[in-house]
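Here the structure is laid out as structure tokens; the discussion comes afterwards.
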Amino acid sequence: SKILILPLSNLLAKMKCPFSLVMLVCCLDVNARFANTKDSNIVISDAKDVFEFVYDKSSNSVQVKEEITTNYLCNDYRSTIGIVQFYNDKMQIDDVDFSIDGKKPKGITPVFSYYQVDDYFYSDAHICYFPLQLDKKGSTGSVSFKRTYKDPRYLTNIFFSESYPVVSKQVIFKVPAWMNIELKEMNFNGYSIVETKDSKTDEDIYTYTAKNIDARIKEDMCPGPTYIYPHILVISKEANPQGNSFTYFKTVADQYAW
């Protein structure tokens, strides 16, 4: 998924953010390190990631609309979750919403900024981030993002694992009849992931449901996440909406040409 826990204290310091915010993120860094255990204080009780391919007349292009909803549960002691979402010039965040125990928390505003590491800005990389504080055992937090991929080539790897253990997660693709894509199941062996397909006249709906996925673990010299964690590789091949024709990665030659 696209919601990550990242060590941002250095980033915020470079951005001359208030000291209190820098210290808060330092605490988030500690939480992130302990989030990689099976008995994590925080778990993702359920999550849903929906992708829908649409044709945008104004730009004469195929886009992908994404809606992410993640629900967190505090099992024991008070914790603060660092919510981070990346975007860039090919991907925009359309909306952000969040709540704690069903209520909108006061004084928390998502920050949209350039992504910076060691004084270097990455011109095409941006982040949206904010803290989500669960005050007691049994507290719940809900976070949702709406994003738009301006080019389906940039929709690539969709992961089931997160920074916290996942009890249940759904990944849904709504593919209209005029869109040709391939969904490749990667590293599914050993995991409880079920795929269903609902074929209609004008679209196919693919639903992947995962259960009891352990949190990601960061280890030195470990292979990259695409080698070890279950995910779906999305390959957009071609589209023919409303008499228009677009070729993406139908062949390897198309990829090299692009």
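Figures for the structure shown
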{"quantity": "So residue 171, is it at pLDDT 95 or above and open to solvent by 60 Å² or more (accessible area, probe 1.4 Å)", "calculated": "no"}
{"quantity": "Some residue of region 58-71 being among the charged types (D, E, K, R) and either part of a loop (DSSP other than H, G, I, E, B) or within 20 Å of residue 115 (Cβ to Cβ) (or both)", "calculated": "yes"}
{"quantity": "Whichever residue in region 210-258 is over 24 Å from the mean Cα position of the chain (by Cα), of a type in the set (A, V, I, L, M, F, W, C) and within 14 Å of residue 181 (Cβ to Cβ) and, among such residues, is most open to solvent (accessible area, probe 1.4 Å)", "calculated": "246"}
{"quantity": "Where residue 82 falls short, out of the listed (1) more than 14 Å from residue 44 (Cα to Cα); (2) touching a helix residue (DSSP H, G or I) at 6+ places or on another chain (Cβ under 7 Å)", "calculated": "(1)"}
{"quantity": "Residue 202 vs. criteria in contact with a strand residue (DSSP E or B) (Cβ under 8 Å, 6 or more places away or on another chain) and either in contact (Cβ under 8 Å) with a residue 40 or more places away in the chain or surrounded by fewer than 19 Cβ atoms within 10 Å (Cβ to Cβ) (or both)", "calculated": "yes"}
{"quantity": "Condition met for residue 72 (touching a residue at least 24 places away in the same chain (Cβ under 8 Å) and out of contact with any strand residue (DSSP E or B) (no Cβ under 9 Å at 6 or more places or on another chain))", "calculated": "no"}
{"quantity": "Subset of region 172-188 [basic (Lys, Arg) and over 12 Å from residue 235 (Cβ atoms)]", "calculated": "174"}
{"quantity": "Residue among 160, 188, 173 that alone is of a type in the set (Phe, Trp, Tyr), over 14 Å from residue 53 (Cβ atoms) and in contact with a strand residue (DSSP E or B) (Cβ under 6 Å, 6 or more places away or on another chain)", "calculated": "160"}
{"quantity": "Region 102-116, residues that are hydroxyl-bearing (Ser, Thr, Tyr) and open to solvent by 100 Å² or more (accessible area, probe 1.4 Å)", "calculated": "109, 114"}
{"quantity": "Matching option when the condition is within 30 Å of residue 45 (Cα to Cα), in contact with a Ser or Thr (Cβ under 6 Å, 6 or more places away or on another chain) and among the β-branched types (Val, Ile, Thr), among 213, 235", "calculated": "213"}
{"quantity": "Matching residues in region 174-196 - criterion: being open to solvent by less than 70 Å² (accessible area, probe 1.4 Å) and closer than 21 Å to residue 228 by Cα", "calculated": "182, 183, 186, 187, 188, 192, 193"}
{"quantity": "Evaluation of residue 221 against (1) modelled with pLDDT of 95 or more; (2) on the phi > 0 side of the Ramachandran plot (one fails), failing number", "calculated": "(1)"}
{"quantity": "Cβ pairs under 8 Å, 6+ apart, first in region 113-137 and on the phi > 0 side of the Ramachandran plot and modelled with pLDDT under 90, second open to solvent by 30 Å² or more (accessible area, probe 1.4 Å) and not in a loop (DSSP other than H, G, I, E, B)", "calculated": "118/10; 119/14"}
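The values are calculated or read from the model by the stated rules, or taken from the named source; none is laboratory data. A quick note: this is a predicted structure, and the numbers were derived from the prediction, not measured. Neighbour counts run over all protein chains shown; Cβ positions are idealised from the backbone, glycine included. Keep in mind that these areas ignore ligands, DNA and RNA; they rest on the heavy atoms of the full protein, side chains included. Shrake-Rupley method; radii C 1.70, N 1.55, O 1.52, S 1.80 Å.
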